[in-house]
Amino acid sequence: MSTVILKVNCQDKKGIIAAVSGFISGHNGNIITLDEFVDRDTNTFFMRVEWDISKFTLQRAYISTAVTNLAAENNFGGNWELYFTDDLPKMAIMVSRFDHCLWDLLLRHKAGELNCRIPLIISNHEDLRYIADFYGIAYQYVPKTTENKAEAEQTEFALLDNAGVDFIVMARYMQVLSPDFLNRYHNRVINIHHSFLPAFEGAKPYHRAFERGVKIIGATAHFATVDLDKGPIIHQATLPISHQDTVNDLITKGRDIEKRVLSDGVKLYIANRVFVHGNRTIIL
C-alpha cells in the first residue's frame, strides 16, 4: 500500500482537521490513522494523518504543492511536513565499544521492524567492525581525541553526507558531539542514556544509582543537544531492582532495557510520530 503522512504543528484554530480530511477525501484518498493533540498552555495544535494514495487523484509529484496551498488557505503557517512511507530514511549508527544496542538495532532491521536503510556505521574504535561485516554494512573507524575532535568531526560530516544520511543514532557512542555537529543535525541525533532522565545525568549512572539505593533503574532515548542528557525525551522505560543487586547486576539488567528503549524510540522517529515542542516531545 502506498501511503503518505502529513504532520501539522501550528496555533490551534477551528477547521484544520475538517480541511485536511476534506482535502484527502476530495482526492479519493482513504485515511488510515489520524491523531491530534492540543497543548492548552501554548494553544498549539499537533496532528499526524496517514492516508492511502493508491487511488489518489493527485499525482504524487503534485501532492506537496497541493498541501502547500491547503496550508496557506487554512493558515497552517509553515509548520507542516509531508512524508511518503516508501521513501525509506537513511540511518547512520555511531558506536564505541558496547555492542548490545548495535546488535539489537541490526537484528530488528533485518527482521523488518525498522523501516529504514542503514548505509553506515561510524566508530571511534575498531572493536565492533566484525558486527558490521556480518551484516554487510560499511564500518568507518574515525579515532577521536580531545586534540583531534574538530578534524574527526569533519571526516564524519563527509562520511554522513556521502551516504546521504537523514538521521543518526548514538548506540552507546561514548563521545560528546560538538555544537557544530548537533546544529547540522538538529533534532536528528537520537541518543540512549542509561538512566531514567532527569535522574543520574552524565557518566556512570548505574554506579550512582547503586550508591543512592534506588529501587528502579531505567533508560531514556532522547534527542542529543548541546546540554548533555537534557534533550527532548522520545521514549523511556524502567525495571525494578533490589538491595541485593550489585553494580554489575544493574549494568547487566540495564543493557536489556537500554536496547529496547533505543529501538522503540527509533521506531517512533522513523514512523514520523515525534513532534518536538520546546524541550519536550509530543508522540502521536
> So for M47, M94, fewest C-beta neighbours within 10 Å to most, what's the order?
Replying inline: M47, M94
>> With the cut-off at 1.5 for a/c, could you classify the range 42-81 from its C-alpha gyration tensor as rounded, prolate or oblate?
In response: oblate
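On alpha-carbon atoms, Rg over Rh for the chain using Kirkwood Rh?
Details: Rg = 20.8 Å, Rh = 20.6 Å.
Checking Rg against Rh, the ratio lands at 1.01.
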> What 222 nm value per residue comes from the helices of the chain, counting each DSSP H run with n ≥ 4 as -39,500 (n - 2.57) and dividing by all residues, nearest 500 deg cm²/dmol?
Replying inline: -10500 deg cm²/dmol
>> Just to confirm my numbers, what's the Cα centroid distance between the range 177-221 and the range 51-87 in Å?
In response: 37
> For the peptides 217-227, 139-149, 239-249, 161-171, what is the packing order when you average, over each peptide's residues, the other Cβ atoms within 10 Å and list the highest mean first?
Replying inline: 217-227, 161-171, 139-149, 239-249
>> 7 Å from Cα along Cα→Cβ at both A158 and R60: what's the point-to-point distance in nm?
In response: 3.4
> P(r) tail for the range 3-84, what percent of Cα pairs lie past 14 Å?
Replying inline: 59
> Amide H neighbours of K90 under 5 Å, counting only residues 5+ apart in sequence or on other chains, H built in-plane at 1.01 Å?
Replying inline: R117, D166, F167
>> If you restrict to DSSP beta bridges whose two residues both lie in the chain, what percentage is antiparallel, to the nearest 5?
In response: 70
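Throughout, read-outs are computed from the coordinates displayed, never taken from laboratory work. Given the structure is predicted, the values throughout are model-derived calculations rather than measurements. No Cβ is skipped: glycine too gets one built from the backbone with ideal geometry, and neighbour counts run over all protein chains shown.
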